[in-house]
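Q: Handing you a structure now.
The values are calculated or read from the model by the stated rules, or taken from the named source; none is laboratory data. Values in this document were obtained by computation on a predicted structure and should not be read as measured data. Glycine also receives a Cβ, built like all others from the backbone with ideal geometry; neighbour counts cover every protein chain displayed.
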Amino acid sequence: MAEPKILLIEDDPAVRHGMAAFLRASGLDVDEADTCQKALERFRAVGHDIVVADYSLPDGTSLDILPQIKKLSEETPFVILTAHGSIDLAVRAIKDGAEQFLTKPVESKALLVLLRRLIQQQRLRKRQEVVARTQPGMLDPFVGTSPQIRRLDERAALMLEWDSPVLILGETGSGKGVLARWIHAHSPRREETFVNLNCAGLTRELLESELFGYERGAFTGAVNPKPGMLEVGHRGIVFLDEIGDMDPAIQPKLLKALEEKTFRRLGDVRDRHVDIRLIASTNLDLEEMVRTKKFRDDLYYRISTLTLRIPPLRERPEDILVLAGNILGSVCGRMGRPVARLTPDAETLLTRYPWPGNIRELANVLERSMILVKGDVLDAAGLGLDPVPQLPAHGDGQLLTMKDMERMHVERVLARTSGNVTEAAAILGMARRTLYDRMKSLGLSTGKD
């Protein structure tokens, strides 16, 4: 992850080079400019963390560019240096948004202390934002005792220290966004921004402008320039939810940004540098989409360096009651009510229900039930779910196991599709590769279709 970048604006070459050399030797990344125009060009292209500017410059003063910098990035600290300081000038600078107003000559060590303090303040602010996003109410992605969820926990932990892209696979409502936020909150980028953009349902034009941003006049209605999500997520994590729905015309631009770490806003001719870690998710079978030319193979290989698959609830029924208990605790806490107790018939219904909407559906059902049901006991009727049909049995009268039932259902679907695994996977609502894995575990033939 890149070090915080400082933009040093000073027209005296000797002063600028000496100050820049000292700051670089102290571990800071320093960019240089000697005029207002060059400084604005560099800031627009890079997006520095702190600006340090001499007051008097060949084509204006630092107060001329201060409002323009603040318009581009309101939270970027701006430090002004001047050899002719006055109280009136200092008051004006602070009112215009300058963080500090220092009189020359400035001792290098004192400036370094100031910059480190400003960097620490930025990190503290971003850490507080992260904490606010990860407070109670956000589900732990690893709640449960099933072997599947424990393997997911172990695999995700191995990916935290790396900057390679992560692809999260899972059905709708399985918790892909929760897992993405968990990775961010436990990664080296935890103090930086987490940006979330859902690619589903957005037109190509809207998705492109949201992702890359645009300049003024780039299209009708673009009155002011706007940074895109890649720019906002600089040095942090960008989460592209449901990337399988991304328009094919945008995919090569995203690939370029990931490989070259540069991109252009709409209507701009300048490349901008970006340092992000990408996390993508999808409920679609990207391998099949690549095979049918609906998703670029080069982008797929780039984003799937590290892959995590969240199992649906039907594959880990032993976790359902644990999740239900956590959700009820959170819901009842927000309502100021005692935590509701599930009756045995409610527990049975919850564990037998197929949950096509996964954890999101479970949470919605429990919250709705607590709104409609009085008291602190929740029975099967209060859940408002369709009753699960009577379980089928073997010829000897013994009930079938979950694995028996799943095998029978998969066999029926395969018979209906004449053994076509791709069609069967579509009917079952799972990825083709996932169905192959399930067939293998169930002892069914996995002959290729």
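Q: For the stretch 361-389, how many residues are in the same structural domain as V339 (by TED's automatic domain parsing) and under 19 Å from L428 (Cβ atoms)?
A: Going through the stretch 361-389 one residue at a time, the tally reaches 1.
Q: Follow-up. Kindly establish whether V46 is surrounded by fewer than 18 Cβ atoms within 10 Å (Cβ to Cβ), over 34 Å from the mean Cα position of the chain (by Cα) and not acidic (D, E).
A: no
Q: If you take the residues in the stretch 339-357 that are in a helix (DSSP H, G or I) and not β-branched (V, I, T), which one is modelled with the lowest pLDDT?
A: Ranking the candidates gives R352 first.
Q: Does G357 count as under 21 Å from L428 (Cα atoms) and either of a type in the set (V, I, T) or not assigned by TED's automatic domain parsing to the domain that holds E259 (or both)?
A: The answer is yes for G357.
Q: Turning to a different aspect of this structure: Among the numbered criteria (1) modelled with pLDDT of 80 or more; (2) in a helix (DSSP H, G or I); (3) closer than 29 Å to P141 by Cα; (4) of a type in the set (D, E, K, R), which one does E411 miss?
A: (3)
Q: Let me ask another. Can you find a residue in the stretch 220-227 that is outside the structural domain of Q122 (by TED's automatic domain parsing), of a type in the set (A, V, I, L, M, F, W, C), over 28 Å from E287 (Cβ atoms) and free of Cβ contacts under 8 Å to residues at least 40 places away in the same chain? Spell out the reasoning first.
A: Looking only at the stretch 220-227, we keep the residues that are outside the structural domain of Q122 (by TED's automatic domain parsing), and these are 220-227.
Those still in the list that are of a type in the set (A, V, I, L, M, F, W, C) too: 222-223.
Now drop any that are not over 28 Å from E287 (Cβ atoms), which leaves 222-223.
Those still in the list that are free of Cβ contacts under 8 Å to residues at least 40 places away in the same chain too: 223.
Looking for residues that are outside the structural domain of Q122 (by TED's automatic domain parsing), of a type in the set (A, V, I, L, M, F, W, C), over 28 Å from E287 (Cβ atoms) and free of Cβ contacts under 8 Å to residues at least 40 places away in the same chain, one finds at least one in the stretch 220-227, hence yes.
Q: Within the stretch 34-41, can one find any residue that is touching a Lys or Arg at 6+ places or on another chain (Cβ under 8 Å), farther than 25 Å from F263 by Cα and crowded, with 18+ Cβ neighbours inside 10 Å?
A: Scanning the stretch 34-41 turns up at least one residue that is touching a Lys or Arg at 6+ places or on another chain (Cβ under 8 Å), farther than 25 Å from F263 by Cα and crowded, with 18+ Cβ neighbours inside 10 Å.
Q: Now, a different point. Residue by residue through the stretch 295-313, note down the ones that are surrounded by fewer than 17 Cβ atoms within 10 Å (Cβ to Cβ) and over 22 Å from A157 (Cα atoms).
A: D297, D298
Q: Using the structure shown, decide if D153 is modelled with pLDDT of 90 or more and under 22 Å from S330 (Cβ atoms).
A: Judged against the criteria, D153 is a match.
Q: Which one is nearest to E10 (Cα to Cα) among residues in the stretch 101-150 that are at pLDDT 80 or above and of a type in the set (D, E, K, R)? Working first, answer last.
A: First, pick out the residues of the stretch 101-150 that are at pLDDT 80 or above: 101-119, 140-150.
With the extra rule that they be of a type in the set (D, E, K, R), the set shrinks to 104, 107, 109, 116-117, 140, 150.
Numbers: K104: 12, E107: 15, K109: 18, R116: 20, R117: 22, D140: 49, R150: 56 Å.
My answer is K104.
Q: Could you tell me whether S281 is in contact with a strand residue (DSSP E or B) (Cβ under 7 Å, 6 or more places away or on another chain) and outside the structural domain of G244 (by TED's automatic domain parsing)?
A: no
Q: Looking at this structure, is E423 charged (D, E, K, R), at pLDDT 85 or above and either within 36 Å of the chain's Cα centre (by Cα) or surrounded by 15 or more Cβ atoms within 10 Å (Cβ to Cβ) (or both)? Please lay out each step first, then the result.
A: Numbers: charged (D, E, K, R): yes; at pLDDT 85 or above: no; either within 36 Å of the chain's Cα centre (by Cα) or surrounded by 15 or more Cβ atoms within 10 Å (Cβ to Cβ) (or both): yes.
Against the criterion (charged (D, E, K, R), at pLDDT 85 or above and either within 36 Å of the chain's Cα centre (by Cα) or surrounded by 15 or more Cβ atoms within 10 Å (Cβ to Cβ) (or both)), E423 does not qualify.
Q: So L400 fits all but one of (1) surrounded by 16 or more Cβ atoms within 10 Å (Cβ to Cβ); (2) modelled with pLDDT under 75; (3) in contact with a strand residue (DSSP E or B) (Cβ under 8 Å, 6 or more places away or on another chain); what number is the exception?
A: Checking L400 against (1) surrounded by 16 or more Cβ atoms within 10 Å (Cβ to Cβ); (2) modelled with pLDDT under 75; (3) in contact with a strand residue (DSSP E or B) (Cβ under 8 Å, 6 or more places away or on another chain), the one that fails is (1).
Q: On to the next question. Restricting to the stretch 138-159, and then to whatever is assigned to a helix (DSSP H, G or I) and small (G, A, S), can you tell me which residue is surrounded by the most Cβ atoms within 10 Å (Cβ to Cβ)?
A: Step one: of the stretch 138-159, the residues assigned to a helix (DSSP H, G or I) are 147-158.
Of the ones still in play, those that are also small (G, A, S) are 156-157.
Numbers: A156: 20, A157: 12.
Checking each candidate, the answer is A156.
Yes/no matrix, rows are residues, columns are (1) farther than 30 Å from K226 by Cα; (2) part of a helix (DSSP H, G or I):
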| position | (1), (2) |
| --- | --- |
| L66 | no, yes |
| T76 | no, no |
| I80 | no, no |
| H84 | yes, no |
| L89 | yes, yes |
| I94 | no, yes |
| F101 | no, no |
| L112 | yes, yes |
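Q: Criterion first (in contact with a helix residue (DSSP H, G or I) (Cβ under 6 Å, 6 or more places away or on another chain), modelled with pLDDT under 85 and either under 20 Å from R16 (Cβ atoms) or surrounded by fewer than 17 Cβ atoms within 10 Å (Cβ to Cβ) (or both)) does D88 satisfy it? Step through it out loud before you land on a result.
A: On the way: in contact with a helix residue (DSSP H, G or I) (Cβ under 6 Å, 6 or more places away or on another chain): no; modelled with pLDDT under 85: yes; either under 20 Å from R16 (Cβ atoms) or surrounded by fewer than 17 Cβ atoms within 10 Å (Cβ to Cβ) (or both): yes.
Spelling it out, it is not the case that D88 is in contact with a helix residue (DSSP H, G or I) (Cβ under 6 Å, 6 or more places away or on another chain), modelled with pLDDT under 85 and either under 20 Å from R16 (Cβ atoms) or surrounded by fewer than 17 Cβ atoms within 10 Å (Cβ to Cβ) (or both).
Q: Among the residues of the stretch 160-218, what is the count of those that are within 25 Å of I327 (Cα to Cα) and in a loop (DSSP other than H, G, I, E, B)?
A: So the count comes out to 7.
Q: I'd like to verify a number: residues in the stretch 1-33 that are of a type in the set (A, V, I, L, M), surrounded by fewer than 16 Cβ atoms within 10 Å (Cβ to Cβ) and touching a helix residue (DSSP H, G or I) at 6+ places or on another chain (Cβ under 8 Å), how many?
A: 0
Q: Is there a residue in the stretch 40-58 that is free of Cβ contacts under 8 Å to residues at least 12 places away in the same chain, among the basic types (K, R) and assigned to a helix (DSSP H, G or I)?
A: Looking for residues that are free of Cβ contacts under 8 Å to residues at least 12 places away in the same chain, among the basic types (K, R) and assigned to a helix (DSSP H, G or I), one finds none in the stretch 40-58, hence no.
Q: Of all residues in the stretch 271-294 being of a type in the set (S, T, Y) and touching a helix residue (DSSP H, G or I) at 6+ places or on another chain (Cβ under 8 Å), which is surrounded by the most Cβ atoms within 10 Å (Cβ to Cβ)?
A: Narrowing the stretch 271-294 to residues of a type in the set (S, T, Y): 281-282, 292.
Retained after the next criterion (residues that are touching a helix residue (DSSP H, G or I) at 6+ places or on another chain (Cβ under 8 Å)): 281-282.
Numbers: S281: 26, T282: 24.
Top of the filtered list is S281.
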